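All remarks here apply to the structure that follows.
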Amino acid sequence: MAQQPAIIQPLEDLTNFSNAHRHAAVLNAFAGLPADDPRHVQIAPANAAFAQLLLDMENRLNQMMDNMEHRLNQKVDNMENRLNQKVDDMENRLNQKVDNIKDELKLEIRHATRSALKALNGSRSEGAIEYEIIPFNNGEMPDARLPPLTNLASIAALLANEATDYLRGYGIENPAGTVAQKRRKVAELVGVSADAMRIRFG
């Protein structure tokens, strides 16, 4: 007597689509036999189990796709974060370079401005035209509490502390010497000509 097909495992537990398909095909073949044939099996349970298998496999495929999408999104996010970090680093380096260039230009402009003003002062005769006020080395104008150095007389009238403040503003941190020596150095730093200084200070 022919035997019914051996079911290796319940159809609901099959995880391989090809095996499940062949298994269902065998069941369908035996379901097509006459009902009084001992090999006959009911097709409805086989079809239902097969349908459930397809549904389960679809769910597993969907889960796999979701997992793949999640991992892909994570990788894309990581790449985007790394790219953004690189862009930020490049932007910071560029900004730093721009700031450095700005600082260098400011220093050059200050130096050029002081040089031009000192040249003007050196070309002016005593008392004919007032001297230009020379900015301090930090780019700021002398403090309002200090007397403006508009001529040799104003330089020659500087008090000791005033001459010291001017010298510090022009880059001499610890001015030394007598008051007369400090006044002469201030005159030199603001561009007074050597002839004018010789006449005034000897």
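The values are calculated or read from the model by the stated rules, or taken from the named source; none is laboratory data. Nothing here was measured: the structure is a model prediction, and the numbers come from that model. Glycine gets a Cβ as well: all are built from the backbone with ideal geometry, and neighbour counts include every protein chain shown.
Descriptive notes on the structure:
- Of all residues making up the range 123-161, the number that are closer than 17 Å to Arg183 by Cβ and part of a helix (DSSP H, G or I): 7
- Qualifying residue in the range 134-151 (condition: surrounded by 13 or more Cβ atoms within 10 Å (Cβ to Cβ), out of contact with any helix residue (DSSP H, G or I) (no Cβ under 9 Å at 6 or more places or on another chain) and assigned by TED's automatic domain parsing to the domain that holds Asp103): yes
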